[in-house]
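Okay, so here's the structure we're looking at.
Rule-based calculations on the coordinates, nothing more; no lab input. In this text, all values refer to a predicted model and were calculated from it rather than measured experimentally. Neighbour counts are summed over all protein chains in view; Cβ atoms, including those assigned to glycine, are modelled from backbone coordinates with ideal geometry.
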Amino acid sequence: MARMFFSSQNCQGATSEATGKTYNADKSGFVNVTDPRDIKALQAGGYVMAGGMPKLRRFFRCDCGWEASINSCPKCQRTDLTLIES
């Protein structure tokens, strides 16, 4: 599932021209799109994919709970994080 948004804050959702499915915006203004055809159609209409941190197989976790891709915590300035491999 992809989270997408439109640059207009008043957008309540969209209907895909590819499948005819209607996607309503959640309270944060995002639409959760389930069909890859709809993702392409909505992108062509001006919707943008919501970004985020990619899921990594190897990452570091600080004692404060912060997760990072490098061995450094910006919250508490520690550099002795635990390596997590999934």
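Placing one identical point scatterer on every Cα of segment 2-49 and ignoring solvent, what is log10 I(q)/I(0) from the Debye formula at q = 0.14, 0.15, 0.20 Å⁻¹?
-0.25, -0.29, -0.53
Within a 10 angstrom radius of the beta carbon, how do Cys73, Cys64, Cys11 rank from fewest other beta carbons to most?
If I rank by nearby Cβ atoms, fewest first, I get Cys64, Cys11, Cys73.
Which value at 222 nm does the chain reach when only helices count, each DSSP H run of 4 or more adding -39,500 (n - 2.57), with the total divided by all residues and rounded to the nearest 500 deg cm²/dmol?
About -3000 deg cm²/dmol.
To two decimal places, what compactness ratio does segment 38-83 give when its Cα radius of gyration is scaled by 2.2 N^0.38 Å?
Segment 38-83 yields a ratio of 1.73.
Place the peptides 19-29, 37-47 in order of packing, highest mean first, counting for every residue the other Cβ atoms within 10 Å and averaging per peptide.
With the highest mean Cβ count within 10 Å placed first, the list reads 37-47, 19-29.
Using unit Cβ charges (K, R positive; D, E negative) and no other charged atoms, how large, in debye to the nearest 20, is the dipole of the chain about its Cα centre?
80 debye
Given the chain, what count of lysine pairs have C-alpha atoms under 27 Å apart, with each pair 8 or more places apart or on different chains?
5
With bins 5 Å wide starting at 0, give me the P(r) of the chain over every alpha carbon pair, in whole percents.
The distribution over the chain is 3, 14, 20, 13, 8, 8, 12, 13, 7, 2, 0, given as percents.
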